[in-house]
Amino acid sequence: MAVAALGVTVAEAEVVNGAQLPDGSRKVGENRYRAPGDYEETLKYYRTVYPAGTFSRKAIVNQPGVKAVHIVNPSGKNFEGLNIYEANEEVRIYIVPAQPAAKPAKKAPEVKPGKKTR
């Protein structure tokens, strides 16, 4: 029964730039959202949505009073990952945008020996 209830919560979640946000998240800036629950609830949600076996995690802040973790999107498609952090008794989610693919450098035209170029 608990799994069915969790499935409903996940299905109702908002998706922004390919990243899933907990139901009830509020936009506070570009790619930035306030999570509805506390830090542990938010991490629990993301363990279900983005399992640690596929989506690696790493701590990103080492400051008193601030907790933060980065979840890597292994495909890099639509978004590079998520930063989830708690500061001042508020939990925020930042969707790290995908970097555009680098365009290959243009190759200079070949000049054959003995040919004149204008």
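Relative to the present Cα-Cα distance, how much length would full extension add between K77 and N17 at 0.36 nm per residue of separation? Intermediate results must be reported in sequence, preceding the final value.
Values: separation 60, 0.36 × 60 = 21.60 nm, distance 0.92 nm.
Length gained, K77 through N17: 20.7 nm.
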- Task: Take the range 28-70, compute every pairwise Cα distance, and split them into 5 Å bins from 0; I just need the percent in each bin.
- Result: 5, 17, 23, 29, 20, 5, 0
- Residue-wise HN-Hα coupling along the range 38-50, computed from phi with Karplus coefficients 6.51, -1.76, 1.60 (Hz; x: Gly, Pro): 7, 4, 5, 4, 5, 5, 4, 4, 6, 5, 6, 6, 10
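How long are the semi-axes of the ellipsoid equivalent to the range 15-97, from square roots of 5 times the Cα gyration tensor eigenvalues, in whole Å, largest first? Please report the intermediate quantities before stating the final value.
Details: eigenvalues 64, 44, 30 Å².
Largest first, the range 15-97 gives 18, 15, 12 Å.
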- Treat every Asp and Glu Cβ in the range 15-97 as -1 and every Lys and Arg Cβ as +1, leave all other atoms uncharged, and give the resulting dipole magnitude about the Cα centre to the nearest 20 debye. 220
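Evaluate the relative contact order of the range 15-97 (contact order divided by residue number), counting alpha-carbon pairs under 8 angstrom at least 6 apart; express in whole percent.
Details: 138 pairs, mean separation 25.1, N = 83.
It comes to 30 percent, rounded to a whole number.
For Q99 and A59, what is the calculated FRET efficiency with R₀ set at 22 Å and r taken between the beta-carbons, to the nearest 0.05? Can you show the working numbers first?
On the way: r = 22 Å, r/R0 = 1.02.
The calculated FRET efficiency here is 0.50.
Every number here is computed from the coordinates shown, using simple stated rules; none is lab data. Only a predicted model underlies this, so the values are computations on that prediction, with no experimental measurement involved. Because the Cβ atoms are built from the backbone with ideal geometry, glycine has one as well, and the counts that use them run over all protein chains shown.
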